[in-house]
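In what follows, a structure is listed as structure tokens, so that the remarks can point back to it.
The numbers here are math on the coordinates, done by the rules we state, and not lab data. Just so it is clear, the structure is predicted and the values come from calculations on it, not from any experiment. So basically every Cβ, Gly included, is an ideal-geometry build from the backbone, and we count neighbours across all protein chains shown.
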Amino acid sequence: MIRRKKIRPELIILSITFLFSAELPAIETTVSNFTINGFGTLGLIRSTDKELGFRETISQKSAFDKYDFSRNSDVGVQANYYATDKLDFGLQFLAKETYKNSLDKSIQWAYINYKVNPKVALRLGRVSAGAFMMSDYRHVGFTHLWTHLPTEFYGAYPVKAIDGMNLMFNQSLFDGLFSTKLWFGRTNYDIYGEVASKVNLDQVLGTSVSWENDIWRLKLSYSQLKARVKNNTIKSLEQELQAASITGWPAAANFTDLLNEDSIIRFYAAGVTYDSSNWLIQSELGLVNTDSILNPGTVSGYLSVGRKLGTVTPFILGGWSKAQDSRLIMPAPPLIAYIPLQQFSQYVFNQNYTAQNTLSIGARWDIQPTIALKIQWDKTWVDAYGNKLLDKLSGAVAEKRQLDTFFITVDFLF
Amino acid sequence: MADIVVIGNKDIEIKVLSKKQVIDIYMGRKSTFPNGQAALPIDQDKDSTTRKLFYHNLVDKTINEINAYWARLLFSGRAVAPLSVKNGSIVIDMIKNNKSVIGYIRLEDLTDDVRVLNHVD
């Protein structure tokens, strides 16, 4: 039987990039209704721990303590067509290493945009959800100081777009621009790990308000969604616990509810950026409330301070993420026969606990108008079992751990 | 330091733009003049000293910061960066032929074919 090789979407996108890049000017374009622009990052990562490995999001694998060029690298291409003053179309592809990548996942934007008037626009298709300050451009390394977004804040929910609609309103306010956005739709993502899962997000509904001028950016957002975790292991576990609750371990029933594959998740986020001629300071805080042990609620945030010194901006960045509740500990069962079930249940619960802080020091050097070189050192402290955001060689690590990760990236626009 | 002037077509209603109005147009916050007429801003070449001076005087940003700003807007689907042309002569030619176009040049390159809307200093 002839086995056909699956065409990797990253190769398609790179081919398109090389096809066009020789013909394209830089980010600026000449007069045209049709524009193509792109961005990319070439990144090198080196972690030092053999069991816990850095990853940008929970949809990635880690290279652990090997040098790695692929996981922090990407390339994106965006095409826009402006049919009339009121109607335009957008399409963005991203090639990036993620778990269970596909052509569908590579499509970041695919929308029709209709300007009702100069202040109001309606967009349909694959559109921005925009819950966090940098959600809409999370893959465009050139837009921020660091070699990667703060993992404690952006790593747990690797979602940028929804299939649905959003409505945007802009209005001048004081010396800046006030914007509000509503969005509604659905999406999904994959979690890579010992208990790998697909998570479907339905009834995604959110709103944000923001204001920005040349120095300040402020944003508040609220969003909610219904999450369904699809994983056969968890389904089997739920059935076993249910059966155990009937046959001699009644307390097991309490945990089947917690393994509920459907959960409502609510996100609250606030962010601020101060960008003057000398300083670049940015911070976000986020609160996630859920009713599921498979997607437990967290409090997370980061603070970044950068000092501009000509073309070089050194920075320091602190990120933190902590589960709202203590790690769930399953009590000993009444019968020895249930111990394996209790141990496996505890193993599953341990995969979803977060207690992690990172301190980063680095610098960005703008070597060309559209090219930036960055270096960064992350020092991460992880509590016992608190390593949901990291990749694990064999399940959650039972003791506190510190790990160092080093990054070098070149971010560019074309 | 060279003076930079913002210029527009001589036949448009608008006689002057405030610095804030120029910022709103060049930072993608507004796509119209104050009277509601469409405004199409154009930039000079990315390596141009005039461009560097313009943004330094207008919003105290470097070219890299401006490029990062527009990348943020462009790749989040919010707005498109101003069109770019090679030099001040082309800016003047485009403005002469299109009432919507607004651009910037050095004061020493100014001609009678266009109207000065703002001095950016």
Of all DSSP beta bridges in the protein assembly as shown, antiparallel share, percent nearest 5: 95
Two-decimal Rg/Rh across region A:325-414, once Rg and the Kirkwood Rh are taken from alpha-carbon atoms: 1.24
19 Å cut-off, amide nitrogen to a point 7 angstrom out along B:D121 Cα→Cβ, residues in region B:1-44: B:1-8, B:16-23
Helix-only mean residue ellipticity at 222 nm for chain B, each DSSP H run of n ≥ 4 adding -39500 (n - 2.57), per residue, nearest 500: -10500 deg cm²/dmol
Between region A:137-163 and region A:346-414, the Cα center-to-center distance that results, in Å: 13
DSSP-defined antiparallel bridges as percent of all bridges, chain B, nearest 5: 70
Pairs from A:K119/A:K219; B:K30/B:K86; A:K66/A:K322; A:K96/A:K226; A:K50/A:K388; A:K374/A:K400 whose Cα-Cα separation, in the structure shown, is over 21 Å: B:K30/B:K86; A:K66/A:K322; A:K96/A:K226; A:K374/A:K400
Prolate/oblate/rounded label for chain B (Cα gyration tensor, a/c 1.5): oblate
Phi to ³J(HN,Hα) by Karplus 6.51 cos²θ - 1.76 cosθ + 1.60 over region A:377-391, Hz, x for Gly, Pro: 10, 9, 10, 10, 10, 10, 6, 3, 6, x, 10, 4, 6, 9, 7
Span-like helix ranges in chain A, DSSP H, alpha carbon extent 15 angstrom or more, Kyte mean at least 0.0: A:9-21, A:339-350
Simple spin-label estimate for A:S172 and B:R106 in nanometres, 7 Å along Cα-Cβ: 3.1
Cα gyration tensor shape for region A:77-143, rounded if a/c is under 1.5, else prolate or oblate: prolate
Cα point-scatterer Debye curve for the protein assembly as shown, base-10 log of I(q)/I(0) at q = 0.09 Å⁻¹: -0.69
13 Å tail of the calculated P(r), region A:62-113, as % of Cα pairs: 66
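Ranked by Cβ crowding within 10 angstrom, fewest neighbours first, how are A:E284, A:E261 ordered? Spell out each step's value before the answer.
Details: A:E284 22, A:E261 17.
Going from sparsest to densest Cβ surroundings: A:E261, A:E284.
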Shape call, region A:286-333: gyration tensor on alpha carbons, a/c limit 1.5: prolate
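Per DSSP H run of n ≥ 4, the term is -39500 (n - 2.57); total these for chain A, divide by its residue number, and report the mean residue ellipticity at 222 nm rounded to 500 deg cm²/dmol. Please list the in-between numbers first.
On the way: 6 runs with 56 residues, N = 414.
Result for chain A: -4000 deg cm²/dmol, rounded to the nearest 500.
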Compactness of region A:35-189 as Cα Rg over 2.2 N^0.38 Å, two decimals: 1.16
Residue-span extension gain [A:K86 to A:K400] - 0.36 nm each, minus C-alpha spacing: 107.5 nm
Charge-dipole axis of region B:4-120 as Lys and Arg at +1 and Asp and Glu at -1 on Cβ define it, positive-most pick from B:I7, B:A39, B:I90: B:A39
P(r) of region A:106-159 over all Cα-Cα pairs, binned every 5 Å from zero, in whole percent: 4, 16, 23, 20, 16, 12, 8, 2
Cross-link partners of B:K10 among aspartates and glutamates (Cα-Cα below 14 Å; sequence separation of 8 or more within a chain): B:D93, B:D112, B:D113
Relative counts (whole %) of C-alpha pair distances in region B:23-72, using bins that are 5 Å wide: 5, 19, 28, 25, 14, 8, 1
Reciprocal mean inverse distance between Cα atoms of region A:264-414 - Kirkwood radius, Å: 18.0
Rounded to whole Hz, the Karplus (6.51, -1.76, 1.60) HN-Hα couplings of region B:59-68, x for glycine and proline: 10, 6, 10, 7, 5, 4, 5, 5, 5, 5
Alpha-carbon centroids, region B:16-38 and region B:39-83: separation in whole Å: 15
Hull shadow area, averaged, region A:119-261 [alpha-carbon convex hull, nm²]: 11.2
